[in-house]
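Report on one structure; see the data block that follows.
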Amino acid sequence: MVRHVKDLDPTLMDEFSAGIRGEIIRPEDEAYDETRKVYNGMIDKRPALFVKCVDVADVIYTVNFCRENNLLLAVRGGGHNAGGLGLCDDGVVLDLSGIKYVRVNVEDNTVRVGGGNLWGEVDHGTHPFGLAVPAGIISTTGVGGLTLGGGVGHLSRKYGLTIDNLLEADMVLADGSFVTVNEKQHEDLFWAIRGGGGNFGIVTSFKFQGHPVKTVFGGPTLWPIEKTDEIMTWYHEFIHQAPDELNGFAATMIIPGPPFPEHLHGKQFCAVVWCYVGDMSKAKAVFEPVLALNPLFEHLGEMPYPAIQTMFDGLLTPGMQWYWRADFFDELGPEARSQHLKFGSSIPTPLSQMHLYPISGAAGRVGKEATPWAYRNAKYAGVIVGIETNPANNNTIIKWCKDYWEALHPYSLGGAYSNFMMDEGQERVKASYRYNYDKLTKIKKKYDPTNFFRVNQNIQPAS
């Protein structure tokens, strides 16, 4: 039976606190309410204890303390998890935000990153070297959560998912031991963490392959929502035949306000947000087919890579109400397109939106069993997000999101990208790993037989 922190002998707590270099925060502390906030303001959990680790020793001490005293443990990196799985009620939150560094090795263009880093900090550290690590599209996302779930973003078609660029990781396991995993050490565990989430241990350090990306050419193109069928038909044929250097995710959305021109505010659009990482002298030619479709608005241009990674940070700020639903798709057939038109025409709040991220190019050429990320054959990772500033409107965004998802789900491949999922239960987790799930359960049994790490998109140990 899981115990509660409040039931522990005070002497035990004092001994534990004395062994931690980082900060410990309790419900009675002034910083508690601010500390328990995460990116999704809809999440309202009340942990019994936060341990803000500053080194690996803090992580080991905390894991051992929780295991020995049968305490529920959640692990928080950047705090972006949609379902709030970096927190838990009444348990202990191991916070990695104090373990941050970005070290670039100029000899082989590899990048060593702390378990608590955010992607904007990585971009800041790599950009002066003319390098980038494939990540997502929001710079405030945590490195740990995004990486362990897969990592889809602007560079996926050219350089693959984030997990395809992970070379090594340092981990603390459920028994408190410390291991380094790579292609030659603990190969099964290295396979499992490239998409299997936080089920197998706590990653305190990542080593990535960096790639030569300094300047990109991109930005948004918008068409009236009434053109959804036409644009999505064209986009489906175009993007998967395009050179790997070109990425673009499709969206249905509302323009909420600045920095967009005033005449666009409050109107619904079908959009594509582009990122081209090839020869800049060829960029205008690459975008000729896009501009031939006469977008109502386009803001395409050359920019530093960190600029496109931060393009939406100002709109999608931490603390708003978020509700997510997701699926993988192979096609954008007429039935699916009609649903995108229907629900894209009835977006309930200015920031709510739908995205389709292409999985082709380098990301699609990795074997379906080479990593746990089983949907390499999919053409899109789709996500619908209801976003609102006022909690009083939560039912509205949840209903729109669920209705949109239920209308599209019959045309999906059945599973979802785990980083786009709420806390949706075991069957959804199994569907998202497909034929790789059984192997994951066996690795889970080997490294975490008691399911100690269970506040996550949980993979249960093989029975």
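The values are calculated or read from the model by the stated rules, or taken from the named source; none is laboratory data. For clarity, every value in this text was computed on a predicted model and none was experimentally measured. Cβ atoms come from the backbone with ideal geometry, glycine included; neighbour counts cover every protein chain shown. What goes into the accessible areas is simple: the full protein's heavy atoms, side chains included, and nothing from ligands, DNA or RNA. Shrake-Rupley method; radii C 1.70, N 1.55, O 1.52, S 1.80 Å.
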Q.
From the phi angles alone, apply the Karplus equation (6.51, -1.76, 1.60; θ = phi - 60°) to region 373-390 and give each ³J(HN,Hα) in whole Hz, x where the residue is Gly or Pro.
A. 5, 7, 9, 5, 7, 6, 8, 8, 9, x, 9, 10, 10, x, 10, 8, 8, 9
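Top to bottom by accessible area (1.4 Å), largest first, where do Glu28, Glu302 land?
The ranking, largest first, comes out as Glu28, Glu302.
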Q: Could you estimate the translational diffusion coefficient of region 342-463 from the Stokes-Einstein equation, with Rh from the Kirkwood formula over C-alpha pairs, at 25 °C and 0.890 mPa s, in whole µm²/s?
A: 151
Q) What angle do you read, to the nearest 10 degrees and between 0 and 90, between the alpha-carbon axis of helix 334-344 and the longest principal axis of the chain? A) 80
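Cα-based count: Lys pairs in region 147-277 below 29 Å, eight or more positions apart or different chains? Provide the component values of the computation, followed by the final result.
Working: Lys158/Lys184; Lys158/Lys207; Lys158/Lys214; Lys158/Lys227; Lys184/Lys207; Lys227/Lys267.
Taking region 147-277 as the scope, the lysine pair count is 6.
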Q: Excluding residues fewer than 8 places away in the same chain, name every one of the aspartates and glutamates whose C-alpha is closer than 16 Å to that of Lys379.
A: Glu237, Asp244, Asp327, Asp330, Glu331
Q: Arrange the residues Val455, Val111 by how much accessible surface each exposes, largest first, with a 1.4 angstrom probe.
A: Val455, Val111
Q | Diffusion constant of region 221-263 at 37 °C, which comes from Stokes-Einstein with the Kirkwood Cα-pair radius and 0.692 mPa s, µm²/s | A | 269
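Rounded, prolate or oblate: which fits region 359-414, taking a ≥ b ≥ c as square roots of the Cα gyration tensor eigenvalues, rounded meaning a/c under 1.5, else prolate when a/b beats b/c? Present the calculation step by step, with values, prior to reporting the outcome.
On the way: a/c = 3.64, a/b = 2.45, b/c = 1.49.
Verdict is prolate for region 359-414.
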Q: Provide the solvent-accessible area of Tyr437, counting protein heavy atoms only and rolling a 1.4 Å probe, rounded to the nearest 10 Å².
A: 20
Q) In terms of modelled amide H atoms, which long-range or inter-chain residues lie less than 5 Å from the amide H of Thr204? A) Asp170, Met171, Val172
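Add -39500 (n - 2.57) for each DSSP H run of 4 or more in the chain, then divide by its residues: what number comes out at 222 nm, to the nearest 500 deg cm²/dmol? Write out the running numbers ahead of the final one.
Working: 15 runs with 122 residues, N = 463.
After summing the helix terms and dividing by the residues of the chain, the value is -7000 deg cm²/dmol.
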Q. Any idea what log10 I(q)/I(0) is at q = 0.07, 0.11, 0.12 Å⁻¹ for the chain, Debye with uniform C-alpha scatterers and no solvent?
A. -0.34, -0.86, -1.03
Q. So what does Phe238 come to for accessible area, using a 1.4 Å probe and Å² rounded to 10?
A. 40
(Q) Please enumerate, by chain and number, the lysines with C-alpha under 17 Å from the C-alpha of Lys445, excluding those fewer than 8 residues away in the same chain. (A) Lys430
Q: Report the GluC sites (Glu not before Pro) located in region 145-211 that are in a DSSP loop and have at most 15 other Cβ atoms inside 10 Å of their Cβ, or state none.
A: Glu183
Q. From the phi of every residue in region 428-438, what ³J(HN,Hα) in whole Hz does the Karplus formula 6.51 cos²θ - 1.76 cosθ + 1.60 yield, where θ is phi - 60° and glycine or proline is x?
A. 5, 4, 4, 4, 7, 9, 6, 6, 8, 5, 4
(Q) Just to confirm the number: angle between the C-alpha axis of helix 56-68 and the first principal axis of the chain, 0 to 90 degrees, nearest 10? (A) 70
Q: Could you go through region 448-463 in sequence order and give the Karplus-derived ³J(HN,Hα) for each residue, using 6.51 cos²θ - 1.76 cosθ + 1.60 with θ = phi - 60°, rounded to whole Hz, and x for Gly and Pro?
A: 8, x, 9, 6, 4, 8, 10, 8, 5, 6, 6, 9, 7, x, 4, 7
Q | Unit charges on C-beta of K, R, D, E only; dipole of region 161-274, Debye | A | 320
Q. Taking a ≥ b ≥ c as the square roots of the eigenvalues of the Cα gyration tensor of region 96-214, is the shape rounded (a/c under 1.5), prolate (a/b larger than b/c) or oblate?
A. prolate
Q | Mean Cα-pair separation over length for region 228-309, i.e. relative contact order, pairs under 8 Å, 6 or more apart, % | A | 24
Q: Name the lysines eligible as straight-distance cross-link partners of Lys52: C-alpha to C-alpha under 17 Å, and not fewer than 8 places from it in the same chain.
A: Lys37, Lys100
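Quick check: from the Cα gyration tensor, does region 67-133 come out rounded (a/c under 1.5), prolate or oblate? Please report the intermediate quantities before stating the final value.
Numbers: a/c = 4.18, a/b = 2.47, b/c = 1.70.
Prolate is the answer for region 67-133, as a/c is 1.5 or above and a/b outweighs b/c.
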Q) Remind me, relative contact order of the chain in percent, using alpha carbon pairs under 8 angstrom and six or more residues apart? A) 16
Q) Translational D (Stokes-Einstein, µm²/s) of region 146-276 at 37 °C and 0.692 mPa s when Rh comes from the Kirkwood sum over C-alpha pairs? A) 187
